[in-house]
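Take a look at the structure set out below.
The values are calculated or read from the model by the stated rules, or taken from the named source; none is laboratory data. As the structure is a computational prediction, the values presented were derived from the model and not from experiment. Note: ideal-geometry Cβ built from the backbone for every residue, glycine included; neighbour counts use all protein chains shown. All accessible areas refer to the heavy atoms of the entire protein, side chains included, with ligands and DNA or RNA removed. Shrake-Rupley method; radii C 1.70, N 1.55, O 1.52, S 1.80 Å.
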Amino acid sequence: MAEVHRQRRDLLRRACSRHTRRQRLLGPEDLRHVLVDDAHGLLYCYVPKVACTNWKRVLLALSGRARGDPRAIPAQEAHAPGRLPSLADFSPAEINRRLRAYLAFLFVREPFERLASAYRNKLARPYSAAFQRRYGTRIVRRLRPRAHPDALARGHDVRFAEFLAYLLDPRTRREEPFNEHWERAHALCHPCRLRYDVVGKFETLAEDAAFVLDLVGAPGLRFPAPPPRAKAAATRDLAERLFRDISPFYQRRLYDLYRMDFLLFNYSAPSYLRLH
């Protein structure tokens, strides 16, 4: 496992030098997604839709902010603001000290599977009413001529093609940054500016999580079991099914939007895309 992660670090470093130009300096707000466990000298950059709920549960258990089995910690407690300190909460000197001394890790996922998962969970499920009201109504209002008043009020029936058109519309990012559930992993975690010791992957979640906990000196702490293989395959199938109806023109534009995540984390363009 150490060799696997050395190779991933090397590949990330090479991809950064090949594909990134001169970049701006990061400010504290750029580090909002990097969570801190001072007791174990850990920095974890969380990427939504990549097991971040379970990693937050584990960090709460590790740091003593919650007792018992991480699996028993409610999701709303894991995500409650302020439950885990963020690197953005510290002074520049304290930030730099932690960046130099702590074990830093992040977990990533095939970008289009993550995007399909975000669409399904945040815009297509009935329990996502708050997201549908905030983003769904905006998407319907902007992209659906003569929309039904119910859709304008609830945003509950956004189609995948409409969601993608919203992401590609230049007005979207002019108005506000992407929501963290569909923001690119490299834009949340800045892997070409920050040194990550471990680049974990959703596709090898169980092995990579065990490796991190072993490095931390907490091998007895069990990471909650990842989704069964059948569920992982279903997510792949969902992405393929959703993208099959998207025109090659939009497929190419969307690939370009998420291209850096594909390149930095060594993901191939999905075979179902028609990019040429």
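So here's what we get for this one:
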quantity: Sole exception among (1) open to solvent by less than 10 Å² (accessible area, probe 1.4 Å); (2) under 16 Å from ARG222 (Cα atoms) for ALA15, by number; calculated: (2)
quantity: The stretch 70-89 - residue that is more than 14 Å from CYS52 (Cβ to Cβ) and of a type in the set (A, V, I, L, M) and, of those, surrounded by the most Cβ atoms within 10 Å (Cβ to Cβ); calculated: LEU87
quantity: Filtered residues of the stretch 233-255 (kept if open to solvent by 80 Å² or more (accessible area, probe 1.4 Å) and within 23 Å of LYS201 (Cα to Cα)); calculated: ARG236, ASP237, ARG241
quantity: Total residues in the stretch 37-66, condition of a type in the set (Gly, Ala, Ser) and on the phi > 0 side of the Ramachandran plot; calculated: 3
quantity: Flag for PHE211 being among the hydrophobic types (A, V, I, L, M, F, W, C), within 21 Å of GLN7 (Cβ to Cβ) and either touching a strand residue (DSSP E or B) at 6+ places or on another chain (Cβ under 8 Å) or at pLDDT 95 or above (or both); calculated: yes
quantity: Of all residues in the stretch 99-123 being among the aliphatic types (A, V, I, L, M) and in contact with a Lys or Arg (Cβ under 8 Å, 6 or more places away or on another chain), the one that is farthest from GLU183 (Cα to Cα); calculated: LEU99
quantity: Any hit, the stretch 18-35, residues being in a helix (DSSP H, G or I) and more than 27 Å from GLU110 (Cα to Cα); calculated: yes
quantity: From ARG14, ARG9, residue being more than 27 Å from ALA118 (Cα to Cα) and assigned to a helix (DSSP H, G or I); calculated: ARG14
quantity: Qualifying residues in the stretch 180-208 (those that are aromatic (Phe, Trp, Tyr) and either farther than 19 Å from HIS40 by Cβ or open to solvent by 40 Å² or more (accessible area, probe 1.4 Å) (or both)) - the one modelled with the lowest pLDDT; calculated: PHE202
quantity: Residue check, ALA61 more than 20 Å from PRO191 (Cα to Cα) and either open to solvent by less than 30 Å² (accessible area, probe 1.4 Å) or not in a loop (DSSP other than H, G, I, E, B) (or both); calculated: yes
quantity: Cβ pairs under 9 Å, 6+ apart, first in the stretch 210-232 and on the phi > 0 side of the Ramachandran plot, second in a loop (DSSP other than H, G, I, E, B) and not hydroxyl-bearing (Ser, Thr, Tyr); calculated: GLY217/HIS40
quantity: Count of residues meeting criterion [in contact (Cβ under 8 Å) with a residue 60 or more places away in the chain and more than 18 Å from the chain's Cα centre (by Cα)] in the stretch 239-269; calculated: 6
quantity: Top-ranked residue of the stretch 93-139 - restricted to ones that are farther than 30 Å from ALA239 by Cα and in contact with a Gly (Cβ under 9 Å, 6 or more places away or on another chain), ranked as most open to solvent (accessible area, probe 1.4 Å); calculated: ALA101
quantity: Filter result for LEU84 (under 21 Å from LEU215 (Cα atoms), in a loop (DSSP other than H, G, I, E, B) and touching an Asp or Glu at 6+ places or on another chain (Cβ under 8 Å)); calculated: yes
quantity: Pairs, first over 26 Å from LEU263 (Cα atoms) in the stretch 112-132, second β-branched (Val, Ile, Thr) and at pLDDT 95 or above, C-beta under 9 Å, six or more apart; calculated: LEU123/ILE139; LEU123/VAL158; ALA124/VAL158; GLN132/VAL158
quantity: In the stretch 145-179, residue farthest from ASP30 (Cα to Cα) [restricted to those that are open to solvent by 80 Å² or more (accessible area, probe 1.4 Å) and in a helix (DSSP H, G or I)]; calculated: PRO149
quantity: Test result for ALA230, open to solvent by 30 Å² or more (accessible area, probe 1.4 Å), out of contact with any Pro (no Cβ under 7 Å at 6 or more places or on another chain) and over 25 Å from GLU3 (Cα atoms); calculated: yes
